[in-house]
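The values are calculated or read from the model by the stated rules, or taken from the named source; none is laboratory data. Just so it is clear, the structure is predicted and the values come from calculations on it, not from any experiment. Cβ sites come from the backbone with ideal geometry, for glycine too, and all protein chains shown count toward neighbours. Surface accessibility is based on the protein's heavy atoms, side chains included, excluding ligands, DNA and RNA. Shrake-Rupley method; radii C 1.70, N 1.55, O 1.52, S 1.80 Å.
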Amino acid sequence: MDAVPELVDIPSHPPERFESVLEPEPFKRLADGIRSSRELLDDRVVWHVNSTAKGGGVVELLRALLGYALGAGVDTRWAVIHGEPEFFRVTKRIHNNLHGFEGDGGPLGDAEREAYEGALRDNAQDLAGAVQAQDVVFLHDPQTAGMVAPTKETGATVIWRCHVGLDVPNALARRAWGFLEPYVRQADAYVFSRRAFAWEGLDGDKINVIAPSIDAFSPKNQMLDAGTVTAVLAAAGIVDGADPSGATFARGDGSEARVEHTVELFEDRRLGPEDRIVLQVSRWDRLKDPSGVIEGFAEQGAVQTGAHLVYAGPAVDAVSDDPEGAEVLEESIALRERLPEQSRRHIHLVALPMDDGEENAVIVNALQRQAAVVVQKSLAEGFGLTVAEAMWKARPVIGSRVGGIQDQIVDGESGVLVDPHDLEAYGRAVRELLEDAGRAERMGRAAQQRVRDGFLGARSLLDYLDLIRRLLR
């Protein structure tokens, strides 16, 4: 395979649209920040480099953030690196270790370092040929850390952005740090999603904390009325007995599109438009704990409420940087098949089409709006954009008390936090929200306001522009 970065097309979005969702003072701060940054970045390119343009929260974050940067007049480019399967096996191992988990149990020794550096060598050379000395380059996550030094040789300002982490590091996390630290330490700045994720031993003056955010206007989060929600789910094949003709949505460029691709389902019966659903949207990843989500729902009485669990993840053959996805999906299917028939009929596994990223996003949007309760029962989580997405749609969210999930949810007010290993507490929280519609509605309204105040893209855009301004000055 030719291992060179490819450029991703970025639709431009006008930052002025935030005026409709922000209070006057936050919108004024955004406008003032854009004006000053436009002058500073007039002759510079701001690059963002990662390992995939499909699937996962980092992709969602980049697509929105970079679109608004372009709309603000900043020359912004997004490059995706390539690698052989062995490279992604190593980086998935690092990813799991950074979360404190063993993953596939493999080593991080000399052979893995050789595979890692070998895959990045041509990517770095190709990127260096395009980057100029006045430019700013953001390298995202473990897959790109080995590109820091060769990119700095161009004279550019280089920032390494880590979207994953662990509140209390263990030996596995420190092993991953030891593998990556020789590359990372050479960056001009490091960005983590929360202070607890910053590594021991890094230069404290270079550490910055920027929480991720969502785009209120993207297909993932744009307003959908009840009729459109039902039509989208019908067109995607998730619900039966509804009219799919109204399954339209607005693309990022403003054009109208229709849902045309269907999901792959693992279920005993189709959902109907009136069925209440409990939803988790995640990659097929053991760190997202699909087995715990399924078992806790089935064994702790939630089935007796009549609700249905929907666990939705991407079609596994479409996510190139996650070699474990197909295996985890197969494990989830097998677990579901072993359940008693009464429980199994209430559990639906959904593989979402990835042919069209914006179509995929609006299907997730419709699922989240249809849900009575949304779950994010991760064993570890960098931030968890699906939490903010569901909160923005005024849905009560039950999340694990890990990582950035606990930065978003105020327990008992804008959602419920549970121990990620306590299936009884998780199942009880689901059942209680299903049985108390008034509490669920109040919690959803508080959740939406919390996202408005702290987790919309306007704040992230300002944070990144401020970091660049400080580095260049």
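The magnitude of the dipole of the chain, with charges of +1 and -1 set on the Cβ of Lys/Arg and Asp/Glu and taken from the Cα centre, is near 1220 debye.
Database remark: amide H of Phe138 closer than 5 angstrom to the amide H of Trp47, His48, Val49, Ile159 (H placed geometrically; neighbours at sequence offset of 5 or more, or on other chains; Pro and chain starts carry no H).
Solvent exposure of region 34-119 amounts to 37 Å² per residue of accessible area, where only protein heavy atoms count and the probe is 1.4 Å. The label point for Gln448 and the one for Asp355, both projected 7 Å from the Cα toward the Cβ, are 3.3 nm apart. Dividing the summed -39500 (n - 2.57) terms of all DSSP H runs of n ≥ 4 by the residue count of the chain sets its mean residue ellipticity at 222 nm at -13000 deg cm²/dmol.
If you wrap region 18-149 in the convex hull of its Cα atoms and look at it from every side, the mean projected area works out to 10.1 nm².
In summary, region 393-473 shows an alpha-carbon radius of gyration equal to 1.39 times the 2.2 N^0.38 Å reference for compact globular proteins. Filter the cross-link list Lys92/Lys377; Lys92/Lys288; Lys220/Lys288; Lys206/Lys377 down to pairs whose alpha-carbon distance in this structure exceeds 25 Å. Too far apart for the 25 Å limit: Lys206/Lys377.
Judged by the gyration tensor of its Cα atoms, with axes a ≥ b ≥ c, region 337-441 is rounded; a/c sits under the 1.5 cut. Bridgeable aspartates and glutamates around Lys152 (alpha carbons under 12 Å apart, same-chain partners fewer than 8 residues away excluded): Asp135, Asp188. Distance between the pseudo-spin-label points of Glu435 and Glu181 (7 Å out from Cα toward the beta carbon): 5.0 nm.
Of the trypsin sites (Lys or Arg not before Pro) found in region 183-255, no site is in coil according to DSSP while having at most 13 other Cβ atoms within 10 Å of its Cβ.
Annotation for region 169-229 versus region 129-154: alpha-carbon center distance of 17 Å. For region 231-319, treating each Cα as an identical point scatterer without solvent, what Debye log10 I(q)/I(0) comes out at q = 0.25 1/Å? For region 231-319, the Cα-only Debye profile gives -1.31.
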